[in-house]
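**Q** Take this structure, written in structure tokens, and hold onto it; I'll ask about it next.
The values are calculated or read from the model by the stated rules, or taken from the named source; none is laboratory data. Note that the coordinates shown come from a computational prediction; the quantities given were computed from them, not determined experimentally. Cβ atoms come from the backbone with ideal geometry, glycine included; neighbour counts cover every protein chain shown.
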């Protein structure tokens, strides 16, 4: 019952010299050095690293002096300071709603009883720096309306400098329609004047959400500029922001950085695999790394992601190049970043809901011709060698991040063994399916004593039908093993984790290994006849904001808070409520013929929202609407899905951002 779907994982294994020790073997960097910092003040020569409370707390009561000082303590004790994090930044709600009689900002005495200067002194004593927030408008973005800096730029900048502030995030709310460049340039000049008087340099973060394309004009205004709207703690949000920021590589460099917003790592809305992708891609894009989770509650897994120094080194490389897209076909992304030492950091990023093989070559990512190349897996912390292929089976929503360089000592590392699978990773309870694994030698020397194993949950039967061991696997050849996979009787529908592992010998005789995690959903064949999709289990669902809702609109972030589905004044009892961009996948097993729905923007957001609907049958777009607005009535959408193994309902954001993009699949039905 398993269809054909081929994928592979690069097993970067074995003992090898650390990247730093091997740098003497690297080829010269391509091209000349980056341009001098645009502001020529020596600030933010690498992307700023630190913490901002907003994603974790918003204006909640936990945001206070004790929290901020506790974060500074944790930077030191957890090793994050030594890893490069230095800014501890306050976001909105630190001030009282009104200025004092002299027009000065007043810290909230309940949140900051000792004042901001005392907090700055505490943070500075730890060898760290303090950041603060205000808006380039009359009020900040919080609904309570704290004072903004429009018309008070010079006074506020001097107050910040006197407090010991090192970093300013300058937002865009309540801007009274004043030209953005004018507002942000005025604050730049005010900060320069405050620095000249006090000697306190302040990194300047422009936060106008990319609305006026600041990458085109702000290089001599600020040190970093937001390129997108606000991030939220969801895969769909992170993916949307990532795609908006990737094309802007030419505008980034030392002292002037594209900022795709703060990190959500550790806040709970994504998996650790997705958070590793988030951190990997922000680093490849040379983005600021501002932790957005409450570190006092962080898990060891979160700290491991945030503290990965090999990945941080990619972000902080002094050449200051943002990674560029090498290829992106079918959501299989290759993004390469030129490093100062001549190596390339290469991200193999999979935006799909199933594991995918992603491959490129040393030549394609800009490396010179060589007899062999050393690969360093920055998450597995293992080195191997390759004849030139860079490839991996990347788990759903995952990223394999490697550093690659031409190295005449490549033979000191074991060959890279690419671990892959053939067969669609779905299963039915108490039904045996087959899966074929491949272990391919990508190097120039034989892989020796190769052994492949497959493990899974308790109760699953996993049996090799063909040999899973080989004394040697020659370069370019593969060990192929067929496995019988049987979930137990009564296994409930949903995802289950299996692991494919390859082991082989390094040149010095040690055993090296690499693992490919597989998410295998147990599915239920669709019922005969016509069914509402909101009554059927889905295989996977991603949504920009909050969960996908059954038989209600999207509502807000909590589950179950939607309203009756309403499009153009017509109310529908059945359907799915989503927020673009979103994707909902159903298993159809080749037994279904049609999907129908009435689609449109839900009325709950008034006149806002633009979206486009798509129905996919496996890898083929079977139907689409084009862009719909809230002013339009529901549109009928119908797709022929005959023979498809899976069907996906996709909503995109209409190419104008995601604000208020609440979309409805009203009366969505599947005929089988």
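**Q** Counting only residues that are surrounded by fewer than 22 Cβ atoms within 10 Å (Cβ to Cβ), outside any strand (DSSP E or B) and under 18 Å from the mean Cα position of the chain (by Cα), how many does the stretch 316-328 have?
**A** Residues meeting the conditions: 2.
**Q** Scan 660, 583, 624 and give me the residue that is outside any strand (DSSP E or B) and within 22 Å of residue 550 (Cα to Cα).
**A** Unique residue meeting the criteria: 660.
**Q** Give me a count of the residues in the stretch 128-146 that are buried (at least 23 other Cβ atoms within 10 Å of the Cβ) and assigned to a strand (DSSP E or B).
**A** 6
**Q** Another question about this same structure. Which one of the conditions (1) surrounded by 13 or more Cβ atoms within 10 Å (Cβ to Cβ); (2) not assigned by TED's automatic domain parsing to the domain that holds residue 581; (3) not in a strand (DSSP E or B) does residue 508 fail to meet, given that it meets all the rest?
**A** It fails just one condition, (1).
**Q** For the stretch 627-641, enumerate the residues that are in contact with a strand residue (DSSP E or B) (Cβ under 8 Å, 6 or more places away or on another chain) and either not in a strand (DSSP E or B) or not assigned by TED's automatic domain parsing to the domain that holds residue 548 (or both).
**A** Result: 630, 632, 633, 634, 641.
**Q** Here are some residues: 90, 80, 74, 128. Which one is in contact with a helix residue (DSSP H, G or I) (Cβ under 7 Å, 6 or more places away or on another chain) and farther than 23 Å from residue 223 by Cβ?
**A** Details: 90 fails: farther than 23 Å from residue 223 by Cβ; 80 fails: farther than 23 Å from residue 223 by Cβ; 128 fails: farther than 23 Å from residue 223 by Cβ.
Of the residues listed, the single one that is in contact with a helix residue (DSSP H, G or I) (Cβ under 7 Å, 6 or more places away or on another chain) and farther than 23 Å from residue 223 by Cβ is 74.
**Q** Further question on the same structure: Among the residues of the stretch 154-164, which ones are under 18 Å from residue 98 (Cα atoms) and either at pLDDT below 95 or crowded, with 22+ Cβ neighbours inside 10 Å (or both)?
**A** 156, 157, 160
**Q** Taking the residues in the stretch 61-91 that are without any contact (Cβ under 8 Å) to a residue 12 or more places away in the chain and within 25 Å of residue 108 (Cα to Cα) as candidates, determine which candidate is surrounded by the fewest Cβ atoms within 10 Å (Cβ to Cβ).
**A** If we take residues in the stretch 61-91 being without any contact (Cβ under 8 Å) to a residue 12 or more places away in the chain and within 25 Å of residue 108 (Cα to Cα), then 61 is surrounded by the fewest Cβ atoms within 10 Å (Cβ to Cβ).
**Q** How many residues are within 26 Å of residue 570 (Cα to Cα) and buried (at least 20 other Cβ atoms within 10 Å of the Cβ) if we restrict to the stretch 623-653?
**A** Count: 10.
**Q** Can you tell me how many residues in the stretch 434-487 are under 16 Å from residue 519 (Cα atoms), part of a loop (DSSP other than H, G, I, E, B) and touching a strand residue (DSSP E or B) at 6+ places or on another chain (Cβ under 9 Å)?
**A** The number of residues fulfilling the criteria is 4.
**Q** When you scan the stretch 561-574, do you find a residue that is in contact with a helix residue (DSSP H, G or I) (Cβ under 8 Å, 6 or more places away or on another chain), touching a residue at least 12 places away in the same chain (Cβ under 8 Å), closer than 24 Å to residue 269 by Cβ and surrounded by fewer than 19 Cβ atoms within 10 Å (Cβ to Cβ), even just one?
**A** Yes, the stretch 561-574 contains a residue that is in contact with a helix residue (DSSP H, G or I) (Cβ under 8 Å, 6 or more places away or on another chain), touching a residue at least 12 places away in the same chain (Cβ under 8 Å), closer than 24 Å to residue 269 by Cβ and surrounded by fewer than 19 Cβ atoms within 10 Å (Cβ to Cβ).
**Q** So the check is Cβ under 7 Å with 6+ separation or different chains; which pairs have a first residue in the stretch 283-303 that's farther than 22 Å from residue 205 by Cα and a second one that's in a helix (DSSP H, G or I) and modelled with pLDDT of 95 or more?
**A** Close Cβ pairs (under 7 Å, with a partner that is in a helix (DSSP H, G or I) and modelled with pLDDT of 95 or more) amount to 295/71; 295/74; 296/70; 296/74; 301/272.
**Q** A further question on this structure: Mind checking which residues of the stretch 283-304 are within 12 Å of residue 57 (Cβ to Cβ) and either part of a loop (DSSP other than H, G, I, E, B) or not assigned by TED's automatic domain parsing to the domain that holds residue 77 (or both)?
**A** 292, 293, 294, listed by residue number.
**Q** Return the residues of the stretch 118-142 that are over 30 Å from the mean Cα position of the chain (by Cα) and over 29 Å from residue 209 (Cα atoms); say none if nothing qualifies.
**A** Across the stretch 118-142, the qualifying residues are 118, 121, 122, 124, 125, 126.
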